[in-house]
Structures are given as C-alpha cells and as structure tokens.
Amino acid sequence: MKYRYEHCIGTSILCGRYYDKLIKNSKQTITMSDEDVKKYRLCVVVAGLLHDIGHCTLGHSYPQYVKLLKKKEPTEHEEIGVEIIQRMLKRENLKEAFRKRGLGETVFFLFCH
C-alpha cells in the first residue's frame, strides 16, 4: 500500500481476522467469557491500528538518523510508538474512552508497565 493510513487500517482489519481465526480454530478450550473475547479482540485491532504510530515522515530510515545524533532517546519506531501511546494515555479523555469499552486496565497494563 502506498500510504501509511491505508497500511494501518489494513493491518487493523487483518489483526481482527487473525484473532477471530485463532479463537475459532483453537484446539484448546477457550475459558474466557464472550465479553472478554470481544474485549481482547478490540485490543488486538487497536494494536494493529497503532502499530506504526512511532513512524515519522522518514519512515523506517528515521532510526538511522536519530542514532547519528547519539542521543539517549528511543530510536526505533516501536519504542517511539510506545512513548507516544504512553503520553496519549495521560489524557483523561482517552483514558475514559478506553475505560468505556472495558479496555482501560488492559491498555494501561500493556503500555504503561
């Protein structure tokens, strides 16, 4: 895909599909409630959507430029993405949006520990 937006939307959709297949085809008994299955599916979809949030305009070549600066800051887009998400989760309106969907504690655990 040519644009990051399309890539992230597509990745999000595929993550949801893969999750559904894993749940459907699991050889182990799923002991989660239907509500938890849906909640974790949403986490996987959001993760797919946000997986490249740490990229800047230079894309994958950005870490090379940051490393040349020799700063002790996150240099890989994954690390930068976690920093961005952690900062976003400090905003009360975003915390509340995740909480309303039952994802507050799960999202905070994944990104803030």
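The values are calculated or read from the model by the stated rules, or taken from the named source; none is laboratory data. Everything quoted here is computed from the prediction, not taken from an experiment. Heads up, the Cβs are rebuilt from the backbone with ideal geometry, glycines too, and the neighbour counts pull from every protein chain shown.
A few comments on the model shown:
- Selection count where residues are more than 19 Å from the chain's Cα centre (by Cα), in a helix (DSSP H, G or I) and among the basic types (Lys, Arg), scope region 22-39: 1
- All of (1) modelled with pLDDT of 85 or more; (2) of a type outside the set (Lys, Arg); (3) not in a helix (DSSP H, G or I) hold for Val44 with one exception: (3).
- Test: Glu6 is in a helix (DSSP H, G or I) and in contact (Cβ under 8 Å) with a residue 60 or more places away in the chain: no
- In the set Thr75, Thr57, only one residue is part of a loop (DSSP other than H, G, I, E, B), at pLDDT below 90 and touching a Lys or Arg at 6+ places or on another chain (Cβ under 6 Å); that residue is Thr75.
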